[in-house]
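First up is the structure itself, then whatever we jot down about it.
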Amino acid sequence: MPKVLVSDPIDQAGIDILSQVAQVDVNTGLSAEQLVGIIADYDALMIRSGTQVTKEIIEAGNSLKIIGRAGVGVDNVDVPAATRKGIVVVNSPEGNTIAAAEHALAMMLSMSRHIPEANASVKAGKWERNRFIGVEVYKKTLGIVGLGKIGSHLAAAAKAMGMKLLAYDPFISTERADQLGCRLVELELLMRESDYITLHIPKTPETLHLINAEVLSKMKPTARIINCARGGIIDEAALAEAIKEGKIAGAAIDVYEHEPLEADSPLRTVGQNIVLTPHLGASTAEAQVNVAIDVAEQIRDVLLGLPARSAVNIPGIFPDSIEKLKPYLQLAETLGNLVSQLAGGRVDYLNVQLQGELATNQGQPVVVAALKGLLSQALRERVNYVNASIEAKERGIRVVETRDASIRDYTGSLHLSAKGTLGEHTVTGAVLGESEIRITSVDDFPVNVSPTHHMLFTLHRDMPGIIGKIGSQLGSFNVNIASMQVGRKIVRGDAVMVLSLDDPLPEGILAEILKVPGIRDAYTVNL
Ligand SMILES: NC(=O)c1ccc[n+]([C@@H]2O[C@H](COP(=O)([O-])OP(=O)(O)OC[C@H]3O[C@@H](n4cnc5c(N)ncnc54)[C@H](O)[C@@H]3O)[C@@H](O)[C@H]2O)c1
Ligand SMILES: O=C(O)[C@H](O)COP(=O)(O)O
């Protein structure tokens with residue numbers, strides 16, 4: 001039974017799903033060293049934001065197939081290291097969207113009405129009605145930085161409360177912003193004109209300290225800023241100073257550059273114009289059930305050999321396309337493996353053409369499958385859907401995807417060409433019926449053969465006696481022929497012979513076959 005380590009608190013709903021297929025060990029609060037020490041025993045790791053999945057942990061995870069992040073942000077996972085090691089990283093892109101948007105809203109309102117201090121004051125036995133005069137958000141301008149899932153949900157809620165909306169998101173179209181009632185502007189204008197600024201962007205090298213002293217200096221002295229996205233997007237020291245010096249009115253912060261927030265963080269000494277919560281954006285009962293189920297299902301599927309629906313480091317397959325695409329992934333892998341053996345080592349390029357109905361489908365997973373097949377001769381089980389593209393890139397293999405929906409010889413077919421040390425070769429294949437894979441052309445000669453484990457391909461002159469001679473050669477080496485087919489374009493021109501064999505071809509036989517008059521080339525293939 002596979003083993004799953006759950007190293008952060010996860011809702012029981014997720015543990016129940018994992019327990020159907022794996023031994024689940026819940027062990028939270030481990031140090032990085034402790035994780036490095038035990039991770040080799042596990043096939044899957046399930047985390048939230050508390051566990052830092054470092055390169056060292058990934059490198060020690062020799063059985064790890066998947067890291068599941070029960071939440072959105074994967075900035076606590078060294079995704080490039082996981083990709084290199086062929087480990088799928090999945091998350092739950094939508095499970096906590098509502099929770100995070102509602103938390104940002106709660107932060108905006110509680111900051112505007114001094115709720116944390118008023119609450120503390122009443123509980124301390126006081127009744128200070130004049131001390132807590134707040135401000136309304138109605139008719140104020142909310143500047144949303146990052147108009148993705150959370151930013152969009154918040155836009156709708158803020159609009160309903162009568163706020164005017166500005167948004168900064170270089171990756172969102174004006175049409176989308178218009179639909180959400182937001183005016184798309186540059187960051188500087190958003191900072192200058194907003195009464196409230198709320199951040200909903202990922203933490204990336206580009207967004208680290210995006211909100212620094214200079215950017216904060218653009219804000220109105222009456223404006224407030226909310227960060228329920230990621231720590232490090234705001235420069236915390238600069239923020240503390242801006243509030244203390246009255247350059248801005250306040251801030252509400254849920255996420256920190258270092259979590260848990262350090263005891264001596266300048267944010268702790270700002271006083272009453274800052275509201276701090278301990279990374280609670282996703283902490284609702286509903287969101288925790290959503291993310292736990294979403295990610296546990298993906299871990300279960302990957303452990304059962306099925307694709308994951310929200311992988312961040314492999315091309316995702318839309319759930320409704322998975323069944324349809326599966327036989328084509330198998331076909332692509334087989335053809336990739338075949339063309340790499342025909343083309344020989346050091347492949348320069350791989351062209352993948354999706355034909356017929358396949359041309360109207362998601363192409364990227366098929367291309368990755370072809371690459372996986374292409375590299376399987378060199379890398380064996382080390383190559384998988386996660387690292388195939390990166391491995392190809394590192395080997396300098398150029399990959400081109402094209403589509404031709406007008407080719408209708410089969411419902412859907414796939415044409416690969418690759419150039420290696422043995423020159424350029426092409427293969428085409430199709431899926432017959434539900435899942436029967438066929439090789440339908442080799443070097444543009446039409447054939448119709450099922451791929452088998454041991455195969456022999458020849459290019460020869462179409463002339464009497466040649467098939468018999470190859471048969472005798474194989475017989476003399478005690479190799480049994482399971483099936484044989486010849487493909488040609490014109491009578492007595494060039495032809496291709498494809499033989500399926502029951503036995504592997506022994507050393508030296510190719511040299512003998514190449515001596516047969518009329519044989520131009522011969523290739524052994526093991527699929
Ligand atoms: N506090 C919490 O507990 C909590 C909960 C959930 C999500 N989050 C965090 O909230 C953030 C947003 O999550 P989401 O689900 O809305 O993500 P999302 O991917 O749907 O949206 C992010 C948006 O940011 C935009 N963006 C990227 N780089 C940008 C840049 N440099 N400048 C401006 N915009 C940029 C993208 O175009 C996208 O529209 C993430 O960092 C996530 O980890 C925090
Ligand atoms: O990115 C996220 O999903 C949030 O930051 C939630 O983090 P958490 O799972 O640790 O609450």
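The values are calculated or read from the model by the stated rules, or taken from the named source; none is laboratory data. These numbers come from a predicted model, not from an experiment. Because the Cβ atoms are built from the backbone with ideal geometry, glycine has one as well, and the counts that use them run over all protein chains shown. Accessible surface is based on the protein model in full, side chains and every heavy atom, while ligands, DNA and RNA are left aside. Shrake-Rupley method; radii C 1.70, N 1.55, O 1.52, S 1.80 Å.
Annotations
- Computed E for residue 401/residue 161 - FRET, C-beta separation, R0 56 angstrom, nearest 0.05: 0.75
- Taking all protein chains as shown and a probe of 1.4 angstrom, residue 188 keeps an accessible surface of around 90 Å².
- Per residue solvent-accessible surface (Å²) - segment 87-190, probe of 1.4 Å: 52
- Where labels lie 7 Å past Cα in the beta-carbon direction, separation of residue 132 and residue 424 in nm: 7.6
- Shape call, segment 135-246: gyration tensor on alpha carbons, a/c limit 1.5: oblate
- Taking each residue as 0.36 nm, the span from residue 3 to residue 264 lengthens on full extension beyond its C-alpha to C-alpha distance by 90.0 nm.
- Shape category assigned to segment 208-311 from the gyration tensor of Cα positions, a/c cut at 1.5: prolate
- Apportionment of accessible area to carbon and sulfur, segment 433-527, percent (1.4 Å): 50
- Members of 123/164; 139/247; 393/515; 159/324 lying beyond 32 Å, as alpha-carbon distances in this model show: 123/164; 393/515; 159/324
- Per residue value of the accessible surface for segment 215-311 (all protein chains in place, 1.4 Å probe), Å²: 40
- Structure-based [θ]222 nm, the chain - -39500 (n - 2.57) summed over DSSP H runs of at least 4, per residue, nearest 500: -10000 deg cm²/dmol
- Heavy-atom surface of segment 471-527, accessible at 1.4 Å and reported per residue (Å²): 54
- Measure of compaction for segment 29-107 (Cα Rg per 2.2 N^0.38 Å): 1.19
- Computed from label points 7 Å out along Cα-Cβ, the spacing between residue 15 and residue 174 is 5.3 nm.
- Area of residue 477 that stays accessible when all protein chains are in place (1.4 Å probe, Å², to 10): 70
- Solvent-accessible area, 1.4 Å probe, carbon plus sulfur percent, for segment 85-215: 56
- Anisotropy class assigned to the chain is prolate, per the alpha carbon gyration tensor with a/c at or over the 1.5 cut-off and a/b larger than b/c.
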